[in-house]
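One structure below.
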Amino acid sequence: MAEPKENLQMEKIVSLCKRRGFIFQSSEIYGGINGFWDYGPLGAELKRNVKELWWHTMTRQRDDVAGLEATIIMSPEIWKASGHVDTFADLMRECPLTKKRVRADQVEPQSGTVIRYAGIFDCKGEESLIVNLVKEFAPAINTPQSLEDLFRKHITDADVKEMNPELFEQAKDNPGKLNALKRDIAPNYYAQSGQFKSFAVMLQAGKPVESARKLAEQYYSQKTDSFILLGESVEKIEDSINFHPESGVELTEARPFNLMFKTYVGPVESEDNVAYLRPETAQAIFAQFKNVLETSRQKVPFGIGQIGKAFRNEVTPRNYTFRSREFEQMELEFFIKPDEVIEAIHGSVATVPETGHPGEPQPNWGWQVWHQYWVEERVRFYESIGLSRETLGFHRQTSEELAHYARACVDILFKFPFSKKDADGNIAGDELEGIAARSDFDLSQHQRFSGKPMGVFDEELRAAWAKLPKEKQDDLWRRYYENRKKYLTKMARTDETPEQIQKQATDDANGLARGQYIPHVIEPSAGVDRLILALIANAYSETTKTDDKGKSETIYTMKFHPRVAPIKVGVLPLLKNKPDLVKKALEIRDLLRPWMNVYYDDGGSIGKRYARQDEAGTPFCVTIDFDTLGEKPELLDTVTIRYRDDGRQDRLKISEVRDFLLSKIR
Ligand code: GAP
């Protein structure tokens, strides 16, 4: 689908990204490949900073999260267990002529004149009376019955003789047979050349009916060489989502299309060797849950974080990098105790604050408080890298939108330049990250499919359970049992009986008394590339300057937060032909280099160099001038620090520069 060129702001951003080396089209010299993007020198630094910050915030700065780096290709069983093989699909519709597909939920309504053909009559390369007859009445023939009726009405003895001498020879001496031949057999026989698969096209404005006819001929010529178009009709249609936005041809019915990229492991391309490029990083975390638990000495509640590539054969990659086919995710699976376990140990589950951050994690938090905690933590993260709350939006998924196993999901949105306005003119935004409460679905699925236990043992639960009054035990047992039964019933294999399910749910609930349960999960799942795009869109700023002669110039500044900015500091000697200035500047570059990304630039006027750094989003420039060398003795060994966003300048001792910059970029 051609992207509408309606969004000027996006066009400018895309252009700056290419011009300054943030983002390039993948394989550009070969015409590009849809849905794949490369990050240039500035983009690569930006991306690295974002991932580093996520990793730092989510794992290193916490005691309760461990990291993982798993492979992209894993056992295909993982994707069967997770449901991706069966259900990770988009509903697609196809243009039967061009074979181009569109997502069923993304076809914009169109109105116009629709020309429809009921089908064709296959002439089989012959010129016969029958063919002439069909040609004469073609527009009125719109069903198999009407074709048969036509023959029944018009076929004469002479026609039959001319059209099929053999049939005629067999029947000519028998009036009854000849009659039947004329009335039933011949019509039936010839009518078999009718193929009633309709084809319709919405005429583009100003185009004649002839253009629709040509498309219909192209379509039917895929089936046979010589044919007559049958049953042409014209109708006006309003707001229909049944026509391809480019070709105007009526779309096929929606069919599911799995989004996983398939490949083969080893030299033999057989079904036994099929593998998939992971469509999310999360499943590796579930599959390695036990190994991490055992080696990291963590105890529930704790999380496992991972950053890595994910691949989805998106039907319509769009909005620049927003929906790509290869992208990166930053995912945390945070494992928590089920509410029944919290209640058994602590007597009750903490209540959820109406809004805001619930504070430091507490042992009596149930899934709802944990969920709110992670939503707020993630918003704080975005704020810490320059996305203010005003630029974000929130969407709490409705029960219809939620996956069947999920208890809640809050999407954190960013107001991108392409985000749509609602009826009141408000922009909700598009998804940056989803924070889902996924129950114990994932670990339960891997337990069932792998046959390996995914539950944990909790001594605190075992001890607390033994002290609970029988009534309380029964109540908690029943609630846990019901949840397990619901899950097991929903995911039952066809060969599993209700009795087996009940037995399994009973065993699971009995586990509580032994201190055993399957952890639940809260999953904050963010896309690196979407975040990069959000940061770029958020940073983009342009102003127009007009000089004394009335000549205007557009000045571009990328106002990245210093923590994510690709280059932290530009080091600029005032003049490049003064060896002492250059020597000092190189010393300062080398002083800062081990600590941050420095860009040394001595080319062009100082104003031009500042402008270049502004466009790259460099928050600070350090200028080495004659005062640095002691022209004014009191300024010896000082430099100018220039601030990107307001052009302000301060004087700082060289010995203070590093710590000053570190305090701003960390
Ligand atoms: N494990 C859960 C999961 O993968 P998701 O909502 O499908 O959930 C999580 O993906 C995040 O990954 C999204 O919020 C988005 O930021 C990013 N993402 C998903 N599909 C993407 C695509 N085609 N291109 C770029 N980012 C994508």
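The values are calculated or read from the model by the stated rules, or taken from the named source; none is laboratory data. Everything quoted here is computed from the prediction, not taken from an experiment. Don't worry about glycine lacking a Cβ; one is built from the backbone with ideal geometry, like all the others, and counts go over all protein chains shown. For accessibility, only protein heavy atoms count, side chains too; no ligands or nucleic acids. Shrake-Rupley method; radii C 1.70, N 1.55, O 1.52, S 1.80 Å.
Quick look at the numbers
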{"item": "The chain: antiparallel DSSP beta bridges as a percent of all, rounded to 5", "result": "90"}
{"item": "Extension reserve of the Thr87-Thr494 stretch, reckoned as 0.36 nm per residue once the Cα distance is removed", "result": "144.8 nm"}
{"item": "Potential lengthening between Asp157 and Gln9 on full extension [0.36 nm per residue; Cα-Cα distance subtracted]", "result": "45.9 nm"}
{"item": "Positive-pole candidate from Ile13, Met74, Ala44, dipole of segment 9-87, charges at beta carbon", "result": "Ile13"}
{"item": "Principal-axis tilt of helix 367-384 within the chain, Cα atoms, nearest 10 degrees", "result": "70"}
{"item": "Table column - 3J(HN,Hα) (Hz), segment 471-483, Karplus curve with 6.51, -1.76, 1.60, x for Gly and Pro", "result": "4, 5, 4, 4, 4, 5, 4, 4, 5, 5, 4, 4, 4"}
{"item": "Helical contribution to [θ] at 222 nm, DSSP H n ≥ 4, -39,500 (n - 2.57), averaged over the chain, rounded to 500", "result": "-10500 deg cm²/dmol"}
{"item": "Segment 551-666: Lys pairs at Cα distance under 17 angstrom, eight or more positions apart or on different chains", "result": "11"}
{"item": "Per-residue SASA entry for Thr546, accessible area with 1.4 Å probe, Å² rounded to 10", "result": "90"}
{"item": "Pairwise label distance in nanometres, Lys262 with Asp38, each label 7 Å out on the Cα-Cβ vector", "result": "3.0"}
{"item": "Set of lysines near Lys124 by C-alpha distance (under 25 Å), chain-local residues within fewer than 8 positions excluded", "result": "Lys135, Lys153, Lys161, Lys182, Lys197, Lys214, Lys223"}
{"item": "Segment 74-130 and segment 317-367: distance between their alpha carbon centers, rounded to Å", "result": "39"}
{"item": "Probe 1.4 Å, accessible area per residue of segment 472-547, Å²", "result": "47"}
{"item": "Extreme residue, positive dipole direction of segment 166-319, given options Gly248, Ile307, Val268 (C-beta unit charges)", "result": "Ile307"}
{"item": "Förster radius 56 Å - calculated FRET efficiency between Asn188 and Thr355 (Cβ-Cβ, nearest 0.05)", "result": "0.15"}
{"item": "Integer Hz, Karplus 6.51/-1.76/1.60 couplings in order for segment 182-194, x for Gly and Pro", "result": "5, 8, 10, 5, 4, x, 4, 4, 6, 5, 5, 7, x"}
{"item": "With DNA, RNA and ligands ignored, accessible area of Lys223 (1.4 Å probe; Å², nearest 10)", "result": "90"}
{"item": "Dipole magnitude of segment 268-383, debye to nearest 20 (Cβ charges: Lys/Arg +1, Asp/Glu -1, about Cα centre)", "result": "240"}
{"item": "Angle in degrees between helix 41-55 and the longest Cα principal axis of the chain, rounded to the nearest 10", "result": "80"}
{"item": "Cβ-defined net charge surrounding Arg563, 10 Å radius [Lys, Arg +1; Asp, Glu -1]", "result": "+2"}
{"item": "Asp272 paired with Phe449, simple spin-label distance in nm, labels 7 Å along Cα-to-beta-carbon", "result": "2.1"}
{"item": "Contour minus Cα-Cα distance for Ser128 and Ser655 (0.36 nm per residue)", "result": "179.8 nm"}
{"item": "Separation in nanometres of the label points that stand 7 Å from Cα toward Cβ, at Lys236 and Asp580", "result": "8.6"}
{"item": "Selected from Gly112, Gln502, Asn364, residue furthest toward positive end of dipole (the chain; charges at beta carbon)", "result": "Asn364"}
{"item": "Segment 3-75 - charge dipole about Cα centre, Lys and Arg +1 at Cβ, Asp and Glu -1, debye rounded to 20", "result": "260"}
{"item": "Helix axis angle, 606-616 relative to the chain longest principal axis, alpha carbon, degrees", "result": "50"}
{"item": "Exposure of Arg462 as accessible area (Å², to 10), given a probe of 1.4 Å and all protein chains", "result": "100"}
{"item": "10 Å beta-carbon shell around Ala81, net charge (K/R +1, D/E -1)", "result": "0"}
